[in-house]
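Some notes on the structure that comes next.
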C-alpha cells in the first residue's frame, strides 16, 4: 500500500518560523513538536491523520492555540493545525452559517455582523471557535441564546475508527447523532478532527452594555448583590464580574442586554445602588462595538499563566465570599483575580443529558486567574490557584472543560459529571483504539484511566 505524504504548509524545527508556529497562548509548560502541519483543506487533514497512523507518531489537534494546559501541543510529535482553514459563509435566507474549523471568534463575529447576524460565543477574539464550541461555549449572549454548542446544527469531522484510512463524516441530529451529542460539550480533540461547523444564526443590531467599578471596601456587599441579581434578572441580560487583588483595589461588573438602554438602566438598579460605585457606564451601541468592548486585549497575548475554574449551583454563603476575599488579600502578585459569568436562562432550558455539556443547572461559572513574568514565580501562582479552588470546593461543583487544569485529580467527573459514561461509549464507537489522546482525553469504555 502506498505511503501517505504530508501536504499543506509544513513547519519543522529547522525552519525560521518554527518558534512562532509552535507558540501557544500559554507560555509555561511549553512543548516542542517535531512537525507542525498547517492544513489548507480537508485532504491535508486526512493526509496528516493517515500519516501519523502509518508512522506511529504521537500527535495533537490545534486551532486557536488557547488550550490552557497546552494539550494541543506534543513533544517530538506532529501537530495538525487547522487555523488556516477559516472561511465563514452565511446563508441569510436559512439563517445559518457554515464556518471552517480554523476561524477565530474575531473573524466569525465580523463576518456575521456584516450580514446582520451573530451566534452566542466567547469574548476573546483570538480564541478558536471550534474548541470553544466543542467544550460548550459561554459568553455575553448565553442567557438569551444558550451556549455556542446549543446553536450548532452539524459538524464535519475526520475520524479514524479502525485500521483503515481516515474519512470525513457528518454528525447532526439525524446522522451519527451520538457523535453530534458528544460534540456539544465533550471537549476538543477527543473523537476526531472537526473541519467545519454549521450554526443557526440570530439577527442582531444594537445592544446595550454596561460597566460598573467599585473599590475593595465594597467586596462583600457587591458579590452578594451581584450573585443574586445576575441569575434572576431578565434573560436578555448576561453579565460578568471580576474581583481583582486587594492591591489593585478594583471590582468590575460588565454585561450585555439585548434591548434599550433605558430598560438596562432600570434593570441595573440593584447593582448601582450597592456600595459606592466609582464609575458607572451604560450605553447603547452597535453589536460589533459590544464585541470589541468585551474583547480584553491581554487575553489574546501569549503569557505565563495559570487558569482553573468551577461552577456554582447555588449562591455563595458569607463564608465562601470571605474565602475569596482572603485569597485576594494574599495573592502572589497583583494580576491574580476571580472572574464570574452568570448562567441560567436559555442554558438551563436544556437537560443535562440532552448534550454532553453537563452543568446545565449551574447558575454561575467561576474562573481563577493568575499571571507571572519569570519562570521562578510559577510554583507560587499555581499553588495559589489550586489552593483557592480547593478552599471553595465545598461550595462549588465540577470544572468547565474549556478551562482544563492538569492538577484536578478527578478530572473526568469534574468536566463531564453524569455524562462521562456515555461519552466513553461514543469514544469506543468512533475512536476504539484511542488514537486521539492527550493527558486528559476521554478514554474509550474498554480502556482504564
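The values are calculated or read from the model by the stated rules, or taken from the named source; none is laboratory data. Here the structure is a predicted model, which is why all the values come from computation and not from measurement. Don't worry about glycine lacking a Cβ; one is built from the backbone with ideal geometry, like all the others, and counts go over all protein chains shown.
Let's see how each residue does on (1) in the same structural domain as residue 165 (by TED's automatic domain parsing); (2) closer than 17 Å to residue 161 by Cβ; (3) buried (at least 18 other Cβ atoms within 10 Å of the Cβ):
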residue: 396; (1), (2), (3): no, no, yes
residue: 411; (1), (2), (3): no, no, yes
residue: 425; (1), (2), (3): yes, yes, no
residue: 436; (1), (2), (3): no, yes, yes
Could you grab me the full set of residues in the range 93-108 that are farther than 20 Å from residue 40 by Cβ, surrounded by fewer than 24 Cβ atoms within 10 Å (Cβ to Cβ) and touching a strand residue (DSSP E or B) at 6+ places or on another chain (Cβ under 7 Å)?
-> 95, 96
Yes/no for residue 176 being assigned by TED's automatic domain parsing to the domain that holds residue 94, out of contact with any helix residue (DSSP H, G or I) (no Cβ under 6 Å at 6 or more places or on another chain) and surrounded by 24 or more Cβ atoms within 10 Å (Cβ to Cβ) = no
Select from the range 223-234 the residues that are within 26 Å of residue 292 (Cβ to Cβ), in contact with a helix residue (DSSP H, G or I) (Cβ under 8 Å, 6 or more places away or on another chain) and crowded, with 17+ Cβ neighbours inside 10 Å and list them in ascending order.
-> 226, 229, 233
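Let's see how each residue does on (1) in contact with a helix residue (DSSP H, G or I) (Cβ under 9 Å, 6 or more places away or on another chain); (2) in a strand (DSSP E or B); (3) not assigned by TED's automatic domain parsing to the domain that holds residue 231:
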| residue | (1), (2), (3) |
| --- | --- |
| 305 | yes, yes, no |
| 315 | yes, no, no |
| 319 | no, no, no |
| 378 | no, no, no |
Would it be correct to say that residue 446 is in contact with a helix residue (DSSP H, G or I) (Cβ under 7 Å, 6 or more places away or on another chain) and either surrounded by fewer than 19 Cβ atoms within 10 Å (Cβ to Cβ) or assigned by TED's automatic domain parsing to the domain that holds residue 143 (or both)?
-> yes
When the range 139-168 is examined, which residues are found to be within 19 Å of residue 62 (Cα to Cα) and in contact with a strand residue (DSSP E or B) (Cβ under 7 Å, 6 or more places away or on another chain)?
-> 155, 156, 157, 158, 159, 166, 167, 168
